[in-house]
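*Asks:* Dumping the structure here so I can ask a few things about it.
The values are calculated or read from the model by the stated rules, or taken from the named source; none is laboratory data. All values reported here derive from a predicted model rather than from experimental measurement. Reconstructed Cβ throughout: ideal geometry from the backbone, glycine too, with neighbour counts over all protein chains shown. For the accessible areas, the whole protein counts, side chains as well, though only heavy atoms, and no ligand, DNA or RNA atoms are used. Shrake-Rupley method; radii C 1.70, N 1.55, O 1.52, S 1.80 Å.
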Amino acid sequence: MVTTHNLGFPRIGKNRELKFALESFWRGQSSQQQLQQVGQALRQTHWQAQNKLDLLPVGDFSFYDHVLDTSVLFGNLPSRVDEHANDLDKYFQVARGQSQSASACQQISAGEMTKWFDTNYHYIVPEFDADTTFSLHASRLLSHISEAKQQGITVKPVILGPVSYLWLGKSKDDSNKLDLLDDLVASYEQLLLALDKEGIEWVQIDEPILVTELDQKWQHALKQAYFSLNKAPVKLLLTSYFGELKENLHLACELPVAGLHLDAINAFAEITSVIDWLAPHKILSLGIINGRNIWKTDLNATLDWLEPIYARLKDRLWIAPSCSLLHVPVDLDSENDLDDEVQSWLAFAVQKLDELSIIATALNEGRETVAEERVLNAFAVQSRQNSSRVHNSKVKARVKAIEPALANRQSSYQQRAKIQQQHFNLPLFPTTTIGSFPQTTDIRQARKRYRLGKLAEKDYQQFLKDEIKFTIEQQHAIGLDVLVHGEAERNDMVEYFGQQLDGYAFSQFGWVQSYGSRCVKPPIIYGDISRPKPMTVEWATYAQSLSDKPVKGMLTGPVTILNWSFVRDDQPRSQTCQQIALAIRDEVQDLERAGINIIQIDEAALREGLPLRKSQWQGYLDWAVTSYKISANGVSDQTQIHTHMCYSEFNDIIKAIANMDADVITIETSRSDMELLDVFKEFDYPNEIGPGVYDIHSPNIPTVEQIVLLMKKASQRIPAERLWVNPDCGLKTRGWQEVKPALTAMVTASRILRNSLPE
């Protein structure tokens, strides 16, 4: 019989229960006990949703991030953590700088945050130095195992592997991370012994770095680690996902583990090689359901290639989603407003596990036992393939007609900079924000009432105008140099634009965790993309009418719209991106015609879309950067184009970023203490740059002195005349009580910096 299992389930809850419980706790409105109760209830609900499977994951639930959980599991928290705090307070100090707002625990610098491989999930970067040691703290994981057993669940603990954990972390001094491997593996050995005592047979140990390019040192580290862990009495399922194994294929097959999981969606071409190379006593788990996208699996097509494998492997074959279902929404059955035809093409986490069970039944008992399910599935798959709503000949013709000149500005940056300085007459160290201002309860309630038909159109429009006016007034009072309208009308920086573009569909409850309590609802690209009418011009021009200072037009770039959507899989991503780029280009030109001469086109997710192997980067960067330039470069020299990138290491793609030729780029640097700017020691970045000085993912408020220090560090790498002062990212998740003093400190610091420059 084929064995079914899952690599991980969404944590946030069907109705975002985890988000609301966390935020209540952080505000000091609920206790640790109440938060723990919500966590326990969610775990039980999620196990029930997976009860058709043979093995269920335990250890995939987290209050913030599973990589941070691993740091806690092995006693690796930064020394700056308040030693007198309890375990949960320490955890949230690392995650966000503080625990409860009413807590007596000190505020600290939160851990650095970056993207989890090529996903939109963020993890807290582990920190190492020469003095780092590890010790096992397994009580949390063991308690979750106990909970699962009480429900009669056959448990498969999920842990991040030791080599990937070190690879994902950052050395805070000159020490070599791999020097820590022996000590770390010793703690893993203790954990596996503890799991054996709990009666655990199988442990899923994730080593996603197997799909990246590893040098000999890291390949050797994998051998070293797993030959040591081979002594443990439990069986290890070595798990890779997100890509192909390529040159690591033989290594993965030869490591002394009991089983190997292969992402059969992204590494389909490697299945035969893995089967041939894997020892006959080892289990092969195939990830046959896409854990990263929301389209239904073609059950018949999957069975066509899977049945011969099952005939060959029999009980040695396990099947699962390709990766953790953390990256998709929870349950499609919650959706009431989705277009019926589009909804029939989709599968969320619960439905993906149903698909897995149908395939398992077909393999174990024959296809005829699931004939009805296969017929319904085939109808849905064919409906999507043949739908006239998917294809637009005019859009395809416009993409085909793209010429290289569309991606070029009229003049060089040096010429544009002189024209723009004369036009805007901005001071040194000009201050601005990234776009959004706090999304208050009043804003969210007004949007909800309008959506439900309880607030008239004209009243909602007036409400938004009042919010924009308030935001402009606040920025005037604070003293910012370049203003924004605050984005009160926007629920999300991608969904807002998708709702005004043809070719998009939208879920009501399709939430996915980005980090901690931050959830996003990715829109669904099902067809060719076009822009029926202007999307932002009305709000931008109204805001500009309220101020003599320049107000930025705020747009999301084509690459970010692509990477933060669920994307159609029936054409190359590059083609879809070009369609979006042309739509954004139209909006940019409309803004310019309306008198908006500073336009920010955010590409927060540019790096996120990079292939996991550097050898494949250039192909992606070529079409991604070109798409951005198509969207941005149809304007006059006087119009200043900004872009923004957040929470992504960008040093290794700095040439591509420079090639974007944005007049101003703003980036996240505060959590890294400006380390991200080290690249400018070797690379002469030609344009203007705003390194973030206010970590908006933490409730901590920066001081004037901290901001001055950060900007002085920046000025050692970038000339002062090309530096801007701004937060790391948008301010929608913060409250006005935090934003006002933080931005006031930023403006004060900027003035100090101007006065400190030599005459």
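*Asks:* Restricting attention to the range 321-336, does a residue exist that is without any contact (Cβ under 8 Å) to a residue 60 or more places away in the chain and not in a helix (DSSP H, G or I)?
*Replies:* no
*Asks:* Now for a separate question. What helices (runs of 4 or more DSSP H) completely inside the range 8-75 contain at least 2 residues that are among the polar types (S, T, N, Q) and at pLDDT 95 or above? Give the steps one after another, and end with the answer.
*Replies:* Details: elements: 17-26, 32-49, 66-73.
Hits in the range 8-75: 32-49, 66-73.
*Asks:* Which helices (runs of 4 or more DSSP H) does the range 482-568 wholly contain that include 1 or more residues that are over 20 Å from Lys396 (Cα atoms) and among the aromatic types (Phe, Trp, Tyr)? Lay out the reasoning, then the answer.
*Replies:* Details: elements: 495-498, 537-544, 558-563.
Fully inside the range 482-568 and qualifying: 495-498, 537-544.
*Asks:* Out of Ser62, Ser79, report the one residue that is open to solvent by less than 40 Å² (accessible area, probe 1.4 Å) and of a type outside the set (Lys, Arg).
*Replies:* Among Ser62, Ser79, only Ser62 is open to solvent by less than 40 Å² (accessible area, probe 1.4 Å) and of a type outside the set (Lys, Arg).
*Asks:* Considering only the range 306-317, I want to know if a residue exists there that is within 13 Å of Phe566 (Cβ to Cβ) and outside any strand (DSSP E or B).
*Replies:* In the first step, residues of the range 306-317 are kept if they are within 13 Å of Phe566 (Cβ to Cβ); the result is none.
No, there is no match, as no residue in the range 306-317 is within 13 Å of Phe566 (Cβ to Cβ) and outside any strand (DSSP E or B).
*Asks:* Using the structure shown, decide if Ser146 is over 29 Å from the mean Cα position of the chain (by Cα) and either buried (at least 20 other Cβ atoms within 10 Å of the Cβ) or not in a loop (DSSP other than H, G, I, E, B) (or both).
*Replies:* Values: over 29 Å from the mean Cα position of the chain (by Cα): yes; either buried (at least 20 other Cβ atoms within 10 Å of the Cβ) or not in a loop (DSSP other than H, G, I, E, B) (or both): yes.
For Ser146, the condition - over 29 Å from the mean Cα position of the chain (by Cα) and either buried (at least 20 other Cβ atoms within 10 Å of the Cβ) or not in a loop (DSSP other than H, G, I, E, B) (or both) - is met.
*Asks:* Return yes when Lys549 is within 24 Å of Ile596 (Cβ to Cβ), open to solvent by 20 Å² or more (accessible area, probe 1.4 Å) and basic (Lys, Arg) and no when it is not. Break it down stepwise before answering.
*Replies:* Values: within 24 Å of Ile596 (Cβ to Cβ): yes; open to solvent by 20 Å² or more (accessible area, probe 1.4 Å): yes; basic (Lys, Arg): yes.
So Lys549 fits the description; yes.
*Asks:* Which of (1) touching a Gly at 6+ places or on another chain (Cβ under 8 Å); (2) modelled with pLDDT under 95; (3) surrounded by fewer than 24 Cβ atoms within 10 Å (Cβ to Cβ) is the odd one out, the single condition Ile596 does not satisfy?
*Replies:* Among (1) touching a Gly at 6+ places or on another chain (Cβ under 8 Å); (2) modelled with pLDDT under 95; (3) surrounded by fewer than 24 Cβ atoms within 10 Å (Cβ to Cβ), Ile596 violates only (2).
*Asks:* Please indicate, with yes or no, whether at least one residue in the range 734-744 is buried (at least 19 other Cβ atoms within 10 Å of the Cβ), in a loop (DSSP other than H, G, I, E, B) and touching a residue at least 40 places away in the same chain (Cβ under 8 Å).
*Replies:* So the first thing to find is which residues in the range 734-744 are buried (at least 19 other Cβ atoms within 10 Å of the Cβ), and the list is 734, 739, 742-743.
With in a loop (DSSP other than H, G, I, E, B) added as a condition, the list becomes 734.
Still in the list and also touching a residue at least 40 places away in the same chain (Cβ under 8 Å): 734.
The answer is yes, given that some residue of the range 734-744 is buried (at least 19 other Cβ atoms within 10 Å of the Cβ), in a loop (DSSP other than H, G, I, E, B) and touching a residue at least 40 places away in the same chain (Cβ under 8 Å).
*Asks:* Turning to a different aspect of this structure: Filter the range 165-196 down to the residues that are small (Gly, Ala, Ser) and part of a loop (DSSP other than H, G, I, E, B), then identify the one that is nearest to Lys231 (Cα to Cα).
*Replies:* First, pick out the residues of the range 165-196 that are small (Gly, Ala, Ser): 169, 171, 175, 186-187, 194.
Next cut, part of a loop (DSSP other than H, G, I, E, B) only: 169, 175.
Working: Gly169: 26, Ser175: 29 Å.
So the residue we want is Gly169.
*Asks:* Continuing with this model, one more query. Output yes when any residue across the range 554-562 is open to solvent by 10 Å² or more (accessible area, probe 1.4 Å) and modelled with pLDDT of 95 or more, and no when none is.
*Replies:* First, the residues of the range 554-562 that are open to solvent by 10 Å² or more (accessible area, probe 1.4 Å): none.
No, the range 554-562 contains no residue that is open to solvent by 10 Å² or more (accessible area, probe 1.4 Å) and modelled with pLDDT of 95 or more.
*Asks:* If I filter the range 333-356 for residues that are more than 23 Å from Ile524 (Cα to Cα), β-branched (Val, Ile, Thr) and at pLDDT 95 or above, do I get at least one hit?
*Replies:* Our first condition is that a residue be more than 23 Å from Ile524 (Cα to Cα); within the range 333-356, this holds for none.
No, the range 333-356 contains no residue that is more than 23 Å from Ile524 (Cα to Cα), β-branched (Val, Ile, Thr) and at pLDDT 95 or above.
*Asks:* Hey, another quick one. For the range 599-628, give me each residue that is among the aliphatic types (A, V, I, L, M) and either in a strand (DSSP E or B) or closer than 19 Å to Leu245 by Cα (or both).
*Replies:* Ile599, Ile601, Leu610, Leu612
*Asks:* Take the residues in the range 122-144 that are touching a residue at least 60 places away in the same chain (Cβ under 8 Å) and aromatic (Phe, Trp, Tyr); name whichever of them is nearest to Pro162 (Cα to Cα). Don't jump to the end; show me each part of the working.
*Replies:* Applying the first criterion (touching a residue at least 60 places away in the same chain (Cβ under 8 Å)) to the range 122-144 yields 122-124, 134-138, 140-141, 144.
With the extra rule that they be aromatic (Phe, Trp, Tyr), the set shrinks to 123, 134.
Values: Tyr123: 16, Phe134: 11 Å.
My answer is Phe134.
*Asks:* Restricting the search to the range 62-117, which residues are without any contact (Cβ under 8 Å) to a residue 24 or more places away in the chain and in contact with an Asp or Glu (Cβ under 8 Å, 6 or more places away or on another chain)?
*Replies:* Residues satisfying the conditions are Asp89, Lys90, Gln93, Cys105.
*Asks:* Return the total of residues in the range 636-647 being crowded, with 20+ Cβ neighbours inside 10 Å and over 12 Å from Ile601 (Cα atoms).
*Replies:* Qualifying residue count for the region: 3.
*Asks:* State which residue is most open to solvent (accessible area, probe 1.4 Å) when the search covers only the range 609-633 and only residues that are polar (S, T, N, Q) and farther than 21 Å from Phe117 by Cβ.
*Replies:* Narrowing the range 609-633 to residues polar (S, T, N, Q): 615-616, 618, 626-627, 631, 633.
Now narrow it down to the ones that are farther than 21 Å from Phe117 by Cβ: 626-627, 631, 633.
Numbers: Thr626: 61, Ser627: 1, Ser631: 1, Asn633: 11 Å².
Among those residues, the one meeting the criterion is Thr626.
*Asks:* Another question about this same structure. Contact list please: Cβ distance under 6 Å, first residue in the range 268-289 and over 20 Å from Asn6 (Cβ atoms), second residue open to solvent by 30 Å² or more (accessible area, probe 1.4 Å), pairs at least six apart or on different chains.
*Replies:* Glu270/Glu244
*Asks:* Being surrounded by fewer than 17 Cβ atoms within 10 Å (Cβ to Cβ) and of a type in the set (Lys, Arg) is the filter; apply it to the range 442-468 and report the residue that is nearest to Thr733 (Cα to Cα).
*Replies:* Filtering first and then ranking leaves Arg444.
*Asks:* Suppose we filter Ala662, Ala658 for residues that are small (Gly, Ala, Ser), in contact with a Phe, Trp or Tyr (Cβ under 9 Å, 6 or more places away or on another chain) and part of a helix (DSSP H, G or I); which single one remains? Break it down into steps so the answer makes sense when it comes.
*Replies:* On the way: Ala662 fails: part of a helix (DSSP H, G or I).
Within the list Ala662, Ala658, the selection yields Ala658.
*Asks:* How many of the residues in the range 100-128 are open to solvent by 10 Å² or more (accessible area, probe 1.4 Å) and either within 27 Å of Ser240 (Cβ to Cβ) or at pLDDT 95 or above (or both)?
*Replies:* 10
*Asks:* Just checking, which of Leu192, Leu181, Leu160 is more than 25 Å from Phe117 (Cα to Cα), in contact with a helix residue (DSSP H, G or I) (Cβ under 9 Å, 6 or more places away or on another chain) and either touching a residue at least 12 places away in the same chain (Cβ under 8 Å) or open to solvent by less than 60 Å² (accessible area, probe 1.4 Å) (or both)?
*Replies:* On the way: Leu181 fails: more than 25 Å from Phe117 (Cα to Cα); Leu160 fails: more than 25 Å from Phe117 (Cα to Cα).
Unique residue meeting the criteria: Leu192.
*Asks:* Find the residue count for the range 60-116, including only residues that are of a type in the set (Val, Ile, Thr) and touching a Leu at 6+ places or on another chain (Cβ under 7 Å).
*Replies:* Initially, the range 60-116 is screened for residues of a type in the set (Val, Ile, Thr), giving 67, 70, 72, 81, 94, 108, 114.
Pick out the ones that are also touching a Leu at 6+ places or on another chain (Cβ under 7 Å) and you get 67, 70, 94.
Result for the range 60-116: 3.
*Asks:* How many residues are out of contact with any His (no Cβ under 9 Å at 6 or more places or on another chain) and either of a type in the set (A, V, I, L, M) or more than 20 Å from Ile205 (Cβ to Cβ) (or both) when one looks only at the range 41-66?
*Replies:* The qualifying residues number 12.
*Asks:* Can you name the residue in the range 716-733 that is free of Cβ contacts under 8 Å to residues at least 60 places away in the same chain and crowded, with 16+ Cβ neighbours inside 10 Å and is also farthest from Val664 (Cα to Cα) among such residues?
*Replies:* Within the range 716-733, the subset free of Cβ contacts under 8 Å to residues at least 60 places away in the same chain is 716-719, 722.
Now drop any that are not crowded, with 16+ Cβ neighbours inside 10 Å, which leaves 717-718, 722.
Values: Arg717: 16, Ile718: 13, Arg722: 9 Å.
Filtering the range 716-733 for residues that are free of Cβ contacts under 8 Å to residues at least 60 places away in the same chain and crowded, with 16+ Cβ neighbours inside 10 Å, the one farthest from Val664 (Cα to Cα) comes out as Arg717.
*Asks:* Of the residues that make up the range 427-435, is at least one more than 22 Å from Ile667 (Cβ to Cβ) and touching a Lys or Arg at 6+ places or on another chain (Cβ under 7 Å)? Before the answer, list the steps.
*Replies:* Step one: of the range 427-435, the residues more than 22 Å from Ile667 (Cβ to Cβ) are none.
No, the range 427-435 contains no residue that is more than 22 Å from Ile667 (Cβ to Cβ) and touching a Lys or Arg at 6+ places or on another chain (Cβ under 7 Å).
*Asks:* Moving to a separate point now. Between a residue in the range 593-619 that is touching a residue at least 60 places away in the same chain (Cβ under 8 Å) and farther than 20 Å from Lys552 by Cα and any residue that is of a type in the set (Gly, Ala, Ser) and open to solvent by less than 30 Å² (accessible area, probe 1.4 Å), which pairs come within a Cβ distance under 6 Å, given they are 6 or more apart or on different chains?
*Replies:* Qualifying pairs under 6 Å: Arg607/Ser648; Leu612/Gly243.
*Asks:* Follow-up. For the range 333-353, check the following and say yes or no: at least one residue is in contact with a Phe, Trp or Tyr (Cβ under 6 Å, 6 or more places away or on another chain) and either loosely packed, with under 15 Cβ neighbours inside 10 Å or under 23 Å from Ser285 (Cα atoms) (or both).
*Replies:* No, because not a single residue in the range 333-353 is in contact with a Phe, Trp or Tyr (Cβ under 6 Å, 6 or more places away or on another chain) and either loosely packed, with under 15 Cβ neighbours inside 10 Å or under 23 Å from Ser285 (Cα atoms) (or both).
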